[in-house]
1. Go through (1) surrounded by fewer than 16 Cβ atoms within 10 Å (Cβ to Cβ); (2) without any contact (Cβ under 8 Å) to a residue 60 or more places away in the chain; (3) over 15 Å from the mean Cα position of the chain (by Cα) for residue 93 and report which single condition fails.
2. When you scan the stretch 8-26, how many residues do you find that are assigned to a loop (DSSP other than H, G, I, E, B) and either under 12 Å from residue 42 (Cβ atoms) or within 11 Å of ligand 2 (Cβ to nearest atom) (or both)?
3. Would you tally the residues in the stretch 37-51 being more than 20 Å from residue 24 (Cβ to Cβ) and surrounded by 14 or more Cβ atoms within 10 Å (Cβ to Cβ)?
4. Determine the pairs where a residue that is free of Cβ contacts under 8 Å to residues at least 60 places away in the same chain and over 16 Å from residue 24 (Cα atoms), located within the stretch 181-206, has a partner that is part of a strand (DSSP E or B) and within 16 Å of ligand 2 (Cβ to nearest atom) with Cβ atoms under 6 Å apart, the partner being 6 or more residues away or on another chain.
5. Can you pull out the strands (runs of 3 or more DSSP E) entirely within the stretch 69-177 that have at least 3 residues that are outside the structural domain of residue 207 (by TED's automatic domain parsing), modelled with pLDDT of 95 or more and in contact with a helix residue (DSSP H, G or I) (Cβ under 7 Å, 6 or more places away or on another chain)?
6. Out of all the residues in the stretch 1-15, which are touching a strand residue (DSSP E or B) at 6+ places or on another chain (Cβ under 9 Å) and surrounded by fewer than 22 Cβ atoms within 10 Å (Cβ to Cβ)?
7. In this structure, is residue 155 touching a residue at least 60 places away in the same chain (Cβ under 8 Å), within 10 Å of ligand 2 (Cβ to nearest atom) and either out of contact with any strand residue (DSSP E or B) (no Cβ under 9 Å at 6 or more places or on another chain) or within 25 Å of residue 198 (Cα to Cα) (or both)?
8. Kindly provide the set of residues from the stretch 106-127 that are more than 17 Å from residue 193 (Cα to Cα) and in contact (Cβ under 8 Å) with a residue 24 or more places away in the chain, ordered by number.
Ligand SMILES: NC(=O)C1=CN([C@@H]2O[C@H](COP(=O)(O)OP(=O)(O)OC[C@H]3O[C@@H](n4cnc5c(N)ncnc54)[C@H](O)[C@@H]3O)[C@@H](O)[C@H]2O)C=CC1
Ligand SMILES: O=C(O)C1=N[C@H](C(=O)O)C[C@H](O)C1
C-alpha cells in the first residue's frame, strides 16, 4: 500500500525535510498543513493532488506533527475525528501523558526524537542506568532557532533516568547533538549522537509511520518501534 501522509508544520524546517524525502520515495503527500494566515513557501510540491490547508482534513493514512506544541492537542483531536494514526514529533512543554485520553481510540506515537539510532542509544542508556549507580549528565547542542530548551529528547531521557546535571547550548543553523555521560568509581560511560542533516529525522519518521499505520490504538514511544526492529529488513 502506498502511504498517504499529512504533514502539520509543512513550512517549517522539519516539514520541508519530510516533504523532500517523501517526494523522493513512493509516498503520497495527501496534505501540507500550514499555520493560519500564512502561505506555503517551501520546496515545489510535485504531486498535483497535495492539499495545502490550515487544518487537518480527512483522507490521510497518517499525520506527522512537527509544528508547535500549542497546536498538538488540536491535531490529536482532528486525528481522532478522522480516525488517523498520528506521530507527534513536536517538542515543548507537553508530555505523552497529556494525550492518554486518546490512547484507546487511535495509534499515537510520542517521538521527541525520531532518529532510530538515537532511540537504540536511549534504550541502552536506560538499561545501563538501571544496573549501575552513576552520576549522570545529559547535554544537548542545537541550532540557534530552536524554540524549546532543553530539547524534547533531553526531557524524555531525564524523565526516565533523572540526571544529576542537564546542559544546553544554542548556536549555528543546523546543529543537533545529544550526549549522555555516566560516571562512578569504576567506569565512565559516554554516548553521543550528532546529526549532520535533519533529513535523518524525516527519513526515520517516515519509516516509523509505515509501522504506526499497522498498529492498534495505543500511546507508543520509539521504544515500541525498535522492539520490532528484527522484523524490519532495511532502514536506509
Ligand atoms: N521528533 C524529532 O525527531 C524532531 C523534532 N523536532 C521538533 O519539531 C518541531 C518543529 O521543528 P522545526 O521544523 O525545526 O521548527 P520550525 O519553526 O522551522 O517549523 C515549525 C512550523 O510549524 C508551523 N506551525 C506552527 N503552528 C502551526 C499550526 N497550528 N498548524 C500548522 N503549522 C503550524 C510554523 O509556522 C512553522 O512553519 C519542534 O518542536 C522541534 O523541536 C525537530 C526536529 C526533529
Ligand atoms: O529542534 C530540533 O532541531 C530538534 N528537536 C528534537 C528535540 O527537541 O529533542 C529532536 C532533535 O534534537 C532535533
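The values are calculated or read from the model by the stated rules, or taken from the named source; none is laboratory data. Since we're looking at a predicted model, the values are computed, not measured. Every residue, glycine among them, receives a Cβ derived from its backbone with ideal geometry; neighbour counts consider all protein chains shown.
1. Only one criterion in (1) surrounded by fewer than 16 Cβ atoms within 10 Å (Cβ to Cβ); (2) without any contact (Cβ under 8 Å) to a residue 60 or more places away in the chain; (3) over 15 Å from the mean Cα position of the chain (by Cα) is unmet by residue 93, namely (3).
2. Within the stretch 8-26, the first condition is being assigned to a loop (DSSP other than H, G, I, E, B), and the residues that meet it are 9-12, 25-26.
With either under 12 Å from residue 42 (Cβ atoms) or within 11 Å of ligand 2 (Cβ to nearest atom) (or both) added as a condition, the list becomes 9-12.
Total satisfying the criteria: 4.
3. First, pick out the residues of the stretch 37-51 that are more than 20 Å from residue 24 (Cβ to Cβ): 37-39, 41, 51.
From the residues that got through so far, the ones that are surrounded by 14 or more Cβ atoms within 10 Å (Cβ to Cβ) too are 51.
Qualifying residue count, the stretch 37-51: 1.
4. So the pair list comes out as 192/179; 194/177.
5. Numbers: elements: 86-88, 107-110, 135-142, 165-170.
Ranges flagged: 135-142.
6. In the first step, residues of the stretch 1-15 are kept if they are touching a strand residue (DSSP E or B) at 6+ places or on another chain (Cβ under 9 Å); the result is 2-11, 14-15.
Selection gives 2, 3, 4, 11.
7. Spelling it out, residue 155 is indeed touching a residue at least 60 places away in the same chain (Cβ under 8 Å), within 10 Å of ligand 2 (Cβ to nearest atom) and either out of contact with any strand residue (DSSP E or B) (no Cβ under 9 Å at 6 or more places or on another chain) or within 25 Å of residue 198 (Cα to Cα) (or both).
8. Going residue by residue through the stretch 106-127, those that are more than 17 Å from residue 193 (Cα to Cα) are 106-110, 127.
Result: 106, 107, 108, 109, 110.
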